[in-house]
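S.K.: Shown below is the structure under consideration.
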Amino acid sequence: MEKLVIQGGKQLKGEVTISGAKNAVVAIIPAAILINGKCRIENLPCIEDVNVTLEILKVLGAKITYLGHDTIEIDASTVTCSEPPQDLASKMRASYYFIGALLSRFHNATVPLPGGCDFGFRPIDQHIKALESLGAACTIKNSMIHAVSQGRLKGGPIYLDVVTVGATINTILAATLAEGVTVIENAAKEPHIVDLANFLNSMGANIKGAGTDTIKIAGVPALSGGTYSVIPDQIEAGTFMVAAAATYGDVLIKNVIPKHLDSITAKLEEIGAGVEEFDDSIHIFPNKPLSCANIKTLPYPGFPTDMQPQVVALLSAAEGTSIVTEGVWDNRFQYVDELVKIGADITVDGNVAIIRGQKNLHGANLSATDLRGGVGMVVAGLMTKGTSTIDNLIHIDRGYEFLEKKLSALGADIKRVNL
Ligand code: EPU
């Protein structure tokens, strides 16, 4: 067991480079199952969710070769098994992408119900509905999802009842090798969906409209290999933007796509941070005292739910009263009880948090409740005077590459120690 020890109150200063996008790569790795040949993936982040996804692929029979710390070659032609192991699949949410990919290639998949962060009820009805409209028969029994089809899946129209990243991705994976055309209406528009479509198209798929709410997939019989570089992580970039702003720091955040950060940039400017955009970097600098703001999280291009805890941490030190409404998940404020330990004044009522900014926040011993909640605590530790510790790092390590190294290089006093 390890914990982070932070001596807070230091302004972050300097440059940081953002790694590849977690939520893109956890879809791209299972997508390699669709390829009849080798594919090379570049800009792979070194995070626990990637390790687990690769481990699942290996157990299924794929050959994986590292060609440098952030580049791998996958040969999935050797995959024979269509049943990911329960112990690995239950560690993360994205393991359900193996359903769409295995069903598409083998017309048969048995995948354990996924794990991932606990935000209350996380249904998969839209995944099942989409796979069934493509011709699969799906059953859930003993915590396993079993999907089977008579030969290739058959494309058709699919209307998603809610905007869901996971069901949009699973439908794309299933439809890529289906017969005929699939049209997904009310699709999610997140950058990682566009990245998955770009990856598949570069390997021979025919997917149009990713990034809009109508995605059209003309099924192809097979995909061939190629090389693809994963986009930078929108949420890692946003996290460094918030950490820089919260410490009144001056940080150049490199390897980003500024367009993906528009909603975060707009809110940080409203709160008082200085933000300057370049082609592939973004500069955060002190501008005026940080003050309150109202935020509602929404599917892209709205303000991302995955940035909600980080910005709540920042607002707990900003002047005035902020209202943050969670618009995606039923229960994403569990981390608030930890922030209260640093002196934050936050009241949660259902999916709304009221944050009364405080001047005298202080360090405390905190425990990460989930991935983004945990990194919100890191932001809190960095911006408050005194010593904070954060344990339960298993959550944070799922999604942030070299977090304490990157923060130390910006002047933070942060160390990982054994408990
Ligand atoms: N939903 C349904 N039925 C479904 C699927 C989803 O009702 O079949 C609902 C959910 O209950 C939720 C909403 O739709 O209210 C959105 O869920 P979505 O499917 O979009 O979430 P997800 O695919 O499970 C991904 C990210 C999450 C991120 C959400 C929203 C991955 C691996 N995970 O989850 O990221 O919060 O989209 O943007 O891509 C994180 O990285 O920390 C993280 C939790």
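S.K.: Go through Lys341/Lys415; Lys91/Lys208; Lys129/Lys154 and tell me which ones have a Cα-Cα distance over 22 Å in this structure. Walk me through the numbers on the way to the answer.
M.R.: On the way: Lys341/Lys415 20 Å; Lys91/Lys208 32 Å; Lys129/Lys154 14 Å.
Over 22 Å Cα-Cα: Lys91/Lys208.
S.K.: While we're here: Indicate the gyration tensor shape class of the range 1-127 (rounded, prolate or oblate), computed on the Cα atoms with a ≥ b ≥ c the square roots of the eigenvalues: a/c under 1.5 is rounded; otherwise a/b larger than b/c is prolate and the rest oblate.
M.R.: oblate
S.K.: Please report, in whole Å³, the volume per residue of the convex hull around the C-alpha atoms of the range 95-200.
M.R.: Spelled out: Cα convex hull of the range 95-200, divided by residues, is 98 Å³.
S.K.: Using +1 on the beta carbon of Lys and Arg, -1 on that of Asp and Glu, and nothing else charged, what's the dipole of the chain about the Cα centre, debye to 20?
M.R.: Rounded to the nearest 20 debye, it is 360 debye.
S.K.: Considering only the other residues whose Cβ falls under 12 Å of the Cβ of Tyr248, what net charge follows from Lys and Arg at +1 and Asp and Glu at -1?
M.R.: Working: positive: Lys10, Lys13, Lys288; negative: Asp250.
With Lys, Arg at +1 and Asp, Glu at -1, the neighbours total +2.
S.K.: Report the semi-axes of the equivalent ellipsoid for the chain in whole Å, largest first, where each axis is √(5λ) for an eigenvalue λ of the Cα gyration tensor. Mind showing how you got there, number by number?
M.R.: Details: eigenvalues 284, 89, 80 Å².
Value: 38, 21, 20 Å, ordered largest first.
S.K.: Please compute the contact order of the chain in relative form: average sequence separation of alpha-carbon pairs under 8 Å and at least six residues apart, divided by the residue count, as a percent. Before the final figure, lay out each step's value.
M.R.: Working: 1066 pairs, mean separation 87.1, N = 419.
For the chain, the relative contact order is 21 percent.
S.K.: Let me ask you something else. List the relative contact order of the range 22-229 as a percent without decimals, with contacts defined as Cα pairs under 8 Å and 6+ residues apart.
M.R.: It rounds to 21 percent for the range 22-229.
S.K.: Continuing with the same structure: Sort 357-365, 328-336 by the packing proxy (mean of other Cβ within 10 Å over each peptide's residues), most packed first.
M.R.: Answer by packing, highest mean first, reads 328-336, 357-365.
S.K.: At a Cα cut-off below 19 Å, give the lysines reachable from Lys288, other chains included and same-chain residues fewer than 8 away excluded.
M.R.: Output for Lys288: Lys10, Lys13, Lys267, Lys359.
S.K.: Cα-Cα pairs above 15 Å in the range 110-152: how many percent?
M.R.: Percent of Cα pairs beyond 15 Å in the range 110-152: 47.
S.K.: Hey, another quick one. What per residue convex hull volume, in Å³, do the alpha-carbon atoms of the range 133-287 yield? Intermediate values should be presented prior to the final figure.
M.R.: On the way: hull volume 22.3 nm³, N = 155.
Dividing the Cα hull volume of the range 133-287 by its residues yields 144 Å³.
S.K.: Which of the chymotrypsin sites (Phe, Trp or Tyr not before Pro) found in the range 68-161 are in a DSSP loop and have at most 16 neighbouring Cβ atoms, other than their own, within 10 Å?
M.R.: Loop-located and lightly packed - Phe121.
S.K.: If you don't mind, another one. Any idea of the accessible area per residue across the range 268-405, 1.4 Å probe, to the nearest Å²?
M.R.: 39 Å²
S.K.: Relative contact order for the range 105-215: what percent, with Cα pairs under 8 Å and sequence separation of 6 or more?
M.R.: Value for the range 105-215: 23 percent.
S.K.: Would you tally the net charge around Lys129, using a Cβ to Cβ cut-off of less than 13 Å, leaving Lys129 out, and scoring K and R as +1, D and E as -1?
M.R.: Value of the local net charge: -4.
S.K.: Within a Cβ distance under 11 Å of Ser408, other residues only, what is the Lys/Arg minus Asp/Glu net charge?
M.R.: Values: positive: Lys10, Lys405, Lys406, Lys415, Arg416; negative: Glu404, Asp413.
Summing Lys and Arg as +1 and Asp and Glu as -1 gives +3.
S.K.: Which is farthest toward the positive dipole end of the range 154-302 among Gly204, Ile295, Ile284, measuring Cα position about the Cα centre, with Cβ charges +1 (Lys, Arg) and -1 (Asp, Glu)?
M.R.: Highest projection toward the positive end goes to Gly204.
S.K.: Something else now. If you take the charge dipole of the range 22-229 about its Cα centre, with +1 on Lys and Arg Cβ and -1 on Asp and Glu Cβ, which of Val111, Ala167, Val183 is farthest toward its positive end?
M.R.: Val183
S.K.: Quick one: with all protein chains in place, what share of the accessible area of the chain is carbon or sulfur, to the nearest percent (1.4 Å probe)? Don't jump to the answer; show the numbers that get you there.
M.R.: Working: 7940 of 15630 Å².
Its accessible area is 51 percent carbon and sulfur atoms.
S.K.: With every protein chain present, what is the per residue accessible area of the range 22-229 (1.4 Å probe, Å²)?
M.R.: Heavy-atom accessible area per residue stands at 37 Å².
The values are calculated or read from the model by the stated rules, or taken from the named source; none is laboratory data. What you see is a predicted model; the values in this text were computed from it and never measured. Reconstructed Cβ throughout: ideal geometry from the backbone, glycine too, with neighbour counts over all protein chains shown. With ligands, DNA and RNA removed, areas are computed over all heavy atoms of the protein, side chains included. Shrake-Rupley method; radii C 1.70, N 1.55, O 1.52, S 1.80 Å.
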